[in-house]
């Protein structure tokens with residue numbers, strides 16, 4: 001990974017060349033990265049590797065015409081050529097109607113989401129962590145498969161108007177799937193953190209193995225609408241569709257779940273449970289991220305949903321200019337939490353007359369962007385609850401469920417404490433109704 | 001070794017003849033590897049392989065690949081983005097004491113290649129305690145070869161203005177249909193220049209050029225707060241710019257415009273059981289999900305259990321299990337002209353081939369690699385190893401998996417003929433399938449009623465849901481050779497870290513009886 005000086009030096013070289021070649025405006029980003037991983041399956045290591053790369057992207061404007069080029073060679077000749085090429089593309093491109101001048105000098109907060117130990121993985125320590133996982137699997141006679149990853153990157157960016165920034169970020173993750181020897185039970189658990197040292201391999205393995213053991217020989221139940229408790233992973237599997245829809249432009253253009261009638265948007269509407277808050281915060285202690293949006297806008301706390309009311313949509317720099325307002329300082333991550341004291345999953349189960357506990361979802365796809373109607377399946381742990389207790393595992397089910405209806409004021413009974421599932425902090429949810437349409441034979 | 005089909009000198013000569021004065025000669029300079037580049041690449045490969053061997057690797061192979069991409073994105077009457085990217089690097093795989101190690105770097109020179117070999121061996125050795133079964137590779141021939149897909153016109157030589165004009169005309173054609181609110185279109189060109197070398201003496205150079213046009217139309221009713229889209233997104237092929245020039249794209253754009261306007265006003269489907277006829281533009285995806293992924297041997301063995309999942313097919317099922325009706329024949333094929341997964345040799349140097357996965361309705365064989373083949377008692381790999389980048393670990397990926405048409409000419413009308421209450425499903429809708437490839441739900445871009453053998457009005461919010469063995473058992477009609485089409489998906493995800501694979505599926509339209517259809521708007 002390149003340090004600040006080396007990264008910005010590349011930016012400056014490319015900017016200077018772009019100017020020489022005739023660019024009126026330009027932005028350059030340089031990302032250097034190290035990615036390390038180990039995969040295992042069938043209770044043994046399968047593949048393991050490491051990759052280093054560099055990505056240099058230059059975007060230029062010549063007479064408001066835009067061109068962009070990306071390469072991974074930082075030799076002086078290659079940098080010169082990259083800038084020239086972007087300019088040459090711009091010269092033969094039509095006028096870029098959505099041009100917004102690049103940013104000038106700005107002040108950014110600290111980047112707190114980087115740990116050096118994540119960038120340079122200790123191979124022996126990783127092997128020991130994996131042995132912990134595989135040992136836990138062998139002990140319970142289940143077959144373990146999983147993925148250990150540790151990635152780090154340094155990103156510098158600079159513009160012809162004087163903006164300069166450099167941030168480092170890292171991300172480590174471990175996920176484990178355990179399957180029972182008879183193939184009738186399967187459990188999954190995952191954790192992630194920017195600091196590899198904070199990954200709890202033992203806990204992740206024990207959770208996955210426990211779910212595999214407890215989910216064996218599931219019984220079928222009829223598809224239908226049931227009360228459910230979604231564990232944080234299950235919530236994470238669905239909420240990306242909500243957070244990905246919080247864009248102002250598509251709402252203004254009438255093609256989003258947050259488009260209202262007669263050309264309005266639904267900002268200000270109480271669409272969700274009054275217990276629900278969703279916001280972005282680059283300084284969140286559990287999920288700190290680079291204090292800048294992808295466009296270079298300094299990031300700060302941004303409330304998206306507050307007390308169930310849709311409070312803000314995301315404005316890009318272009319769309320903000322069109323609407324004569326400021327671009328939003330995010331989102332850069334998503335923290336989903338309750339306005340009240342969080343409920344534990346155990347308490348949610350104790351208070352449930354009948355319903356399902358869901359570990360995670362799989363192959364979730366959006367069927368209808370108007371309602372955020374999704375389809376997908378439960379996977380790796382589904383249990384029937386009756387009279388405040390888990391009774392038995394049940395066979396997986398396909399659902400067809402709208403996220404808007406799922407989080408509606410009348411459907412959310414309880415919200416848990418948020419857990420990190422990058423880029424989200426997500427809680428468990430207890431919901432009055434969730435719609436299942438068919439049964440799946442898959443384990 | 002210069003990479004065909006054009007040498008650097010030829011490229012520059014023809015390029016300057018074809019293109020306007022404003023075009024980019026340096027682009028050509030940069031990405032057409034010359035003799036110096038080739039020798040530097042071969043030297044880096046040789047150094048890495050020798051170093052790995054010296055450190056104890058029983059086998060090693062290296063991919064030194066250069067990728068270049070050009071993409072243009074537009075909406076309505078404006079070009080949003082033109083960008084080009086290039087990436088060059090090496091990825092080395094070593095087998096030490098039966099365990100794999102891998103290292104990759106963007107520095108293609110001997111010192112970095114040597115360091116990568118040392119890193120890969122160190123990774124393999126560090127994991128030695130976690131190896132409970134040593135990797136054994138099936139035999140592969142030593143190959144020294146060059147391969148390229150035939151193209152008539154290199155997309156990277158076509159002037160940018162020509163390409164943006166094509167997309168603008170495409171948008172204009174769709175926008176001319178009254179009621180169309182938005183159109184977006186993109187075109188992507190990919191050029192892969194791949195070099196493979198192994199400690200078994202293989203040295204293979206390949207060039208693959210793909211062309212990916214796609215567009216989407218949207219009709220919005222602002223007063224009612226309602227909208228619908230019609231996307232045409234699965235037409236990519238292993239082909240040159242002639243695809244843009246020869247295919248009737250503007251007729252498709254106009255049709256998609258009319259279809260999205262009709263879709264906005266279409267009535268919701270009535271949920272229930274229907275006989276359905278599925279067009280190749282949708283059936284390719286059903287084949288991909290239910291056949292392509294279930295016949296991957298690595299999935300059946302649990303190697304993908306943590307991500308994509310396993311398979312309902314067991315390792316012992318080949319030759320014994322009925323997969324579908326007797327008329328159903330499915331082939332794995334990495335030689336199919338235009339197929340996105342077509343190549344000369346896979347990423348461990350195994351020559352491409354065509355073989356049956358399902359014959360006369362019986363499941364007969366798997367997709368395999370050199371590591372997988374011996375695990376089901378086979379002596380040779382079917383050539384399914386692939387890495388999506390020089391920095392990616394090669395692993396088993398899907399070949400083109402295609403459904404054979406009926407032997408005689410059967411038309412769409414023939415398939416509709418005796419259907420009393422049915423639906424005709426075209427184009428990509430939402431697809432979802434479980435982790436063992438049993439339960440699936442597929443939508444369509446355009447779905448019309450079939451009543452007493454006749455095609456009728458469009459319906460909306462429809463999706464068909466079935467179970468893989470039931471679905472293929474219910475197939476009782478296939479279109480003939482003239483109805484066969486090749487569709488493909490450009491970004492099939494699999495593996496950890498996630499990799500994408502471009503893969504095509506050829507098929508005729510096919511009829512399936514008594515299938516559950518949902519109204520997805522009703523929940």
Tell me the residue from B:173, B:162 that is under 30 Å from residue B:241 (Cβ atoms) and without any contact (Cβ under 8 Å) to a residue 40 or more places away in the chain, please.
B:162
Unique residue being closer than 28 Å to residue A:332 by Cα and crowded, with 20+ Cβ neighbours inside 10 Å when the list is A:117, A:109, A:113
A:113
When you go through (1) under 25 Å from residue A:178 (Cα atoms); (2) at the interface with chain B (Cβ under 10 Å from one of its Cβ atoms); (3) touching a strand residue (DSSP E or B) at 6+ places or on another chain (Cβ under 9 Å) one by one for residue A:129, which number turns out not to apply?
(2)
For region A:214-233, check the following and say yes or no: at least one residue is within 30 Å of residue A:292 (Cβ to Cβ) and buried (at least 20 other Cβ atoms within 10 Å of the Cβ).
yes
Scan of region B:121-138 for residues that are at the interface with chain A (Cβ under 7 Å from one of its Cβ atoms), modelled with pLDDT of 95 or more and crowded, with 24+ Cβ neighbours inside 10 Å, ordered by number:
B:123
Out of the residues in region B:58-94 that are closer than 15 Å to residue B:125 by Cα and surrounded by fewer than 24 Cβ atoms within 10 Å (Cβ to Cβ), state the one that is nearest to the chain's Cα centre (by Cα).
B:59
For the subset of region A:165-203 comprising residues that are in a strand (DSSP E or B), surrounded by fewer than 24 Cβ atoms within 10 Å (Cβ to Cβ) and touching a helix residue (DSSP H, G or I) at 6+ places or on another chain (Cβ under 6 Å), which member is farthest from the other protein chains (Cβ to nearest Cβ)?
A:166
Please note which strands (runs of 3 or more DSSP E) are completely contained in region B:187-290 and include at least 3 residues that are buried (at least 20 other Cβ atoms within 10 Å of the Cβ) and at pLDDT 95 or above.
B:203-221, B:272-278
Quick one: what pairs do we get from region B:463-491, first residue free of Cβ contacts under 8 Å to residues at least 24 places away in the same chain, second assigned to a strand (DSSP E or B), C-beta under 9 Å, 6+ apart or different chains?
B:470/B:515; B:491/B:500; B:491/B:501; B:491/B:502
Filter pass, residue B:324 being over 26 Å from residue B:394 (Cβ atoms), surrounded by fewer than 22 Cβ atoms within 10 Å (Cβ to Cβ) and touching a strand residue (DSSP E or B) at 6+ places or on another chain (Cβ under 9 Å)
no
So for region B:503-516 (the condition being surrounded by fewer than 24 Cβ atoms within 10 Å (Cβ to Cβ) and within 14 Å of another protein chain (Cβ to nearest Cβ)), does at least one residue qualify?
yes
Could you list all residues from region B:45-86 that are within 13 Å of chain A (Cβ to nearest Cβ) and not in a strand (DSSP E or B)?
B:76, B:77
Pick from A:115, A:51: which is over 16 Å from residue A:8 (Cβ atoms) and at the interface with chain B (Cβ under 8 Å from one of its Cβ atoms)?
A:51
May I ask you to list pairs of residues, at least six apart or on different chains, whose Cβ atoms are under 6 Å apart, with the first in region B:296-310 being more than 9 Å from chain A (Cβ to nearest Cβ) and the second being assigned to a loop (DSSP other than H, G, I, E, B)?
B:297/B:366; B:297/B:368; B:297/B:372; B:299/B:310; B:299/B:311; B:300/B:311; B:300/B:313; B:300/B:315
Scope region A:413-443; condition within 10 Å of chain B (Cβ to nearest Cβ), part of a loop (DSSP other than H, G, I, E, B) and touching a helix residue (DSSP H, G or I) at 6+ places or on another chain (Cβ under 9 Å); matching residues
none
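Conditions tested, residue by residue: (1) part of a helix (DSSP H, G or I); (2) within 26 Å of the chain's Cα centre (by Cα); (3) within 15 Å of residue B:290 (Cβ to Cβ).
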{"residue": "B:381", "(1), (2), (3)": "no, yes, no"}
{"residue": "B:402", "(1), (2), (3)": "no, yes, yes"}
{"residue": "B:410", "(1), (2), (3)": "no, no, no"}
{"residue": "B:447", "(1), (2), (3)": "no, yes, no"}
Taking region B:139-163 and the residues there that are part of a helix (DSSP H, G or I) and surrounded by 18 or more Cβ atoms within 10 Å (Cβ to Cβ), the one that is nearest to the other protein chains (Cβ to nearest Cβ) would be B:160
The conditions are (1) farther than 18 Å from residue B:282 by Cα; (2) surrounded by 21 or more Cβ atoms within 10 Å (Cβ to Cβ); (3) in contact (Cβ under 8 Å) with a residue 60 or more places away in the chain, and residue B:425 fails exactly one of them. Which is it?
(1)
Members of region B:221-254 that are free of Cβ contacts under 8 Å to residues at least 40 places away in the same chain and in contact with a strand residue (DSSP E or B) (Cβ under 9 Å, 6 or more places away or on another chain):
B:222, B:225, B:226, B:229, B:243, B:247, B:252
Matching residues in region A:74-127 (over 30 Å from residue A:173 (Cβ atoms) and assigned to a loop (DSSP other than H, G, I, E, B)) number 16
All but one of (1) surrounded by fewer than 22 Cβ atoms within 10 Å (Cβ to Cβ); (2) over 30 Å from residue B:125 (Cα atoms); (3) at pLDDT below 95 hold for residue A:93, so report the exception by its number.
(1)
Among the residues of region B:461-487, how many are assigned to a strand (DSSP E or B), crowded, with 20+ Cβ neighbours inside 10 Å and touching a helix residue (DSSP H, G or I) at 6+ places or on another chain (Cβ under 7 Å)?
2
Answer with yes or no whether residue A:271 is closer than 30 Å to residue B:224 by Cα, surrounded by fewer than 23 Cβ atoms within 10 Å (Cβ to Cβ) and in contact with a helix residue (DSSP H, G or I) (Cβ under 6 Å, 6 or more places away or on another chain).
no
Check whether at least one residue in region A:20-29 is within 12 Å of chain B (Cβ to nearest Cβ) and surrounded by fewer than 20 Cβ atoms within 10 Å (Cβ to Cβ), and report yes or no.
yes
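The values are calculated or read from the model by the stated rules, or taken from the named source; none is laboratory data. What you see is a predicted model, and the numbers here were worked out from it, not measured in a lab. We place every Cβ from the backbone using ideal geometry, glycine too, and count neighbours over all the protein chains shown.
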